[in-house]
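Here the structure comes first, spelled out in structure tokens, and everything after it is commentary.
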Amino acid sequence: MLNLLVVHFDNHIPNWRTPMEEITCHILILVMEGEIHYSINGVDYIGEKGDFIFIPRYSLRSGKNSQEGTHQKYTILFRTDPQIETGIPFIDQGHFIKLKISNFQYVSSRCNRLFEEMRKRDNFSPIISVGITQELLGILAQELEKPELTPMKLKYAQTVQSYLLSHYREPIQIGVLADLINRTPNYATTLFKEVYGYTPIKYMHYLRVMEARNLLLHSDMTISSIAYYLGYYDASYFFKIFKKSCGMSPTEFITQGKFSSLMDL
């Protein structure tokens, strides 16, 4: 049974430092920006953007900002029953883990969703929050079992990703993506999912939803105009995609965003 304690979002905190101490819970960290310097059981580590870090309970840990400046990260604190195995080796064996996550953007979106759920007062937020935490731990476990990608495969995947980042508002044809790397459509789709954890089409929807979230809160555009701007010519389909990704409709997202802003004052 996983007991989720708290989720922090450290957003460029000046003079951030945590003293050397034995921690009494597990800690899962995703570094978003900057660098963090950790000492774990007497060994020094540097966490950089894209690093997924697991620190098992009873570790002797300290941390501080890099001399280069501040950092941004999500920190998830949780406990598991030491008498019951979780089935996740690095938790059950108490191993420290630090790796560069391949599907960084998806994982960061899940961390953000988790952080938002933990701030809610909704009756079902605790259930959703535990589910997301379990998903993140499962993703980390899967990453550890992946065979190492060849430089060429990684280059192909990055070529497709770069194209999607520039053209996500346009209709995406898998054949066009395949032509970019001179491979078959099936190969392009399979490779991209192997590296980033989801298909090119799902990644396109992810990019559109992330942009929609920004526009809903920081522009005067209507929901329908945002849908059209992002390539959704059927507003009802945009609503469906948005709700599936964010767990709420665009209208509910706007209301919650305004409420959160008031709570932060």
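The values are calculated or read from the model by the stated rules, or taken from the named source; none is laboratory data. Remember, it's a predicted structure, so these values are computed and weren't measured experimentally. Heads up, the Cβs are rebuilt from the backbone with ideal geometry, glycines too, and the neighbour counts pull from every protein chain shown. Side chains are part of the model used for accessible areas, which takes the heavy atoms of the whole protein and leaves out ligands, DNA and RNA. Shrake-Rupley method; radii C 1.70, N 1.55, O 1.52, S 1.80 Å.
Quick one: helix 250-264 against the long Cα principal axis of the chain, what's the angle to the nearest 10°, folded into 0 to 90? Once rounded, one gets 40 degrees.
Work out, step by step, the length gained on full extension between GLN158 and ASP122: first 0.36 nm times the residue separation, then minus their alpha carbon distance; give nm to one decimal.
Extending this stretch completely gives an extra 9.1 nm.
With the simple model of a label 7 Å out from the Cα in the direction of the Cβ, LEU60 to GLU145 spans 3.4 nm. What angle do you read, to the nearest 10 degrees and between 0 and 90, between the alpha-carbon axis of helix 151-167 and the longest principal axis of the chain? With rounding to tens, the tilt is 60 degrees.
Charging the Cβ of each Asp and Glu at -1 and of each Lys and Arg at +1, and nothing else, the dipole of the chain about its Cα centre rounds to 440 debye.
Sorting ARG17, ARG113 on solvent-accessible area from highest to lowest, probe radius 1.4 Å, gives ARG17, ARG113.
Rg and Dmax of the chain, based on Cα coordinates, read 19.9, 57 Å.
By the Stokes-Einstein formula, at 1.306 mPa s and 10 °C, region 1-93 with its Kirkwood radius over alpha-carbon pairs has D equal to 115 µm²/s.
For region 151-264, with all protein chains in place and a probe radius of 1.4 Å, 56% of the accessible heavy-atom surface sits on carbon or sulfur.
Mean residue ellipticity at 222 nm, helices only, the chain: -15500 deg cm²/dmol; runs of at least 4 DSSP H residues each add -39,500 (n - 2.57), and the sum is divided by the number of residues. Of GLU35, GLU170, the order by accessible heavy-atom surface (1.4 Å probe, DNA, RNA and ligands excluded), from most exposed downward, is GLU170, GLU35. For the chain, the longest principal axis of the Cα atoms and the long axis of helix 125-145 meet at an angle of about 90 degrees.
Between ASP44 and SER166, what FRET efficiency comes out of the Förster formula 1/(1 + (r/R0)^6) with R0 = 35 Å and r the beta carbon distance, rounded to 0.05?
The calculated FRET efficiency here is 0.35.
For the chain, set up a Gaussian network in which alpha carbons nearer than 10 Å are linked by springs, and say which option among HIS218, HIS26, HIS12 fluctuates the most. Most flexible of the set in this elastic network: HIS218. Close amide H contacts of SER59 (hydrogens built in the peptide plane, cut-off under 5 Å, sequence separation of 5 or more or a different chain): ILE23.
On the principal axes of its alpha-carbon atoms, region 77-136 has extents of 34, 30, 15 Å, going from largest to smallest. Among the GluC sites (Glu not before Pro) within region 60-158, those in coil by DSSP and having at most 15 neighbouring Cβ atoms inside 10 Å are GLU68, GLU85, GLU148.
When the listed pairs LYS64/LYS155; LYS120/LYS243; LYS73/LYS202 are checked against a 22 Å cut-off, the alpha-carbon distance exceeds it for LYS64/LYS155; LYS73/LYS202.
Rounded to the nearest 0.05, what FRET efficiency do GLN67 and TYR228 have when you use their Cβ-Cβ distance and R0 = 41 Å? For R0 = 41 Å, the calculated efficiency reads 0.30. For the pair region 118-182 and region 30-66, the centres of their Cα atoms are 23 angstrom apart.
Accessible area per residue (1.4 Å probe, heavy atoms of protein chains only) ranks ASP51, ASP44 as ASP44, ASP51, with the largest value leading. Which stretch or stretches of region 1-37 have amide N atoms under 20 Å from the point lying 7 Å from ILE88's Cα along the Cα→Cβ direction? The answer is 1-10, 23-32.
Across region 217-229, computed HN-Hα scalar couplings (Karplus, 6.51 cos²θ - 1.76 cosθ + 1.60, θ = phi - 60°) run 9, 10, 9, 9, 5, 6, 4, 5, 5, 5, 4, 5, 4 Hz from first to last residue, x flagging Gly and Pro. In a DSSP loop and with at most 16 other Cβ atoms within 10 Å, the trypsin sites (Lys or Arg not before Pro) in region 114-207 are LYS120, ARG121, ARG169, ARG183. The chymotrypsin sites (Phe, Trp or Tyr not before Pro) of region 140-233 that DSSP puts in a loop, and whose beta carbon has at most 12 other beta carbons within 10 Å, are TYR233. Here HIS37 and SER249 are evaluated by their C-beta separation; at R0 = 41 Å the FRET efficiency comes out at 0.45.
What the pair-distance distribution of region 111-265 shows, using all Cα-Cα distances binned every 5 Å from zero, is 2, 8, 15, 16, 16, 16, 14, 8, 4, 1, 0 percent.
For the chain, modelled as a Gaussian network with Cα springs under 10 Å, which listed residue fluctuates most, ASN112, ASN65, ASN214? Residue with maximal mean-square fluctuation among ASN112, ASN65, ASN214: ASN214.
Dipole orientation for region 84-193: of the candidates PHE90, LEU114, GLN161, GLN161 has the Cα lying most toward the positive pole (charges on Cβ; Lys, Arg +1; Asp, Glu -1). For region 41-140, what log10 I(q)/I(0) values come out of the Debye formula at q = 0.15, 0.21, 0.22 1/Å, with one point per alpha carbon and no solvent? Treating every Cα as an identical point scatterer, log10 I(q)/I(0) equals -0.73, -1.31, -1.38. Counting heavy atoms of the protein chains alone, VAL43 has an accessible area of about 70 Å² for a 1.4 Å probe.
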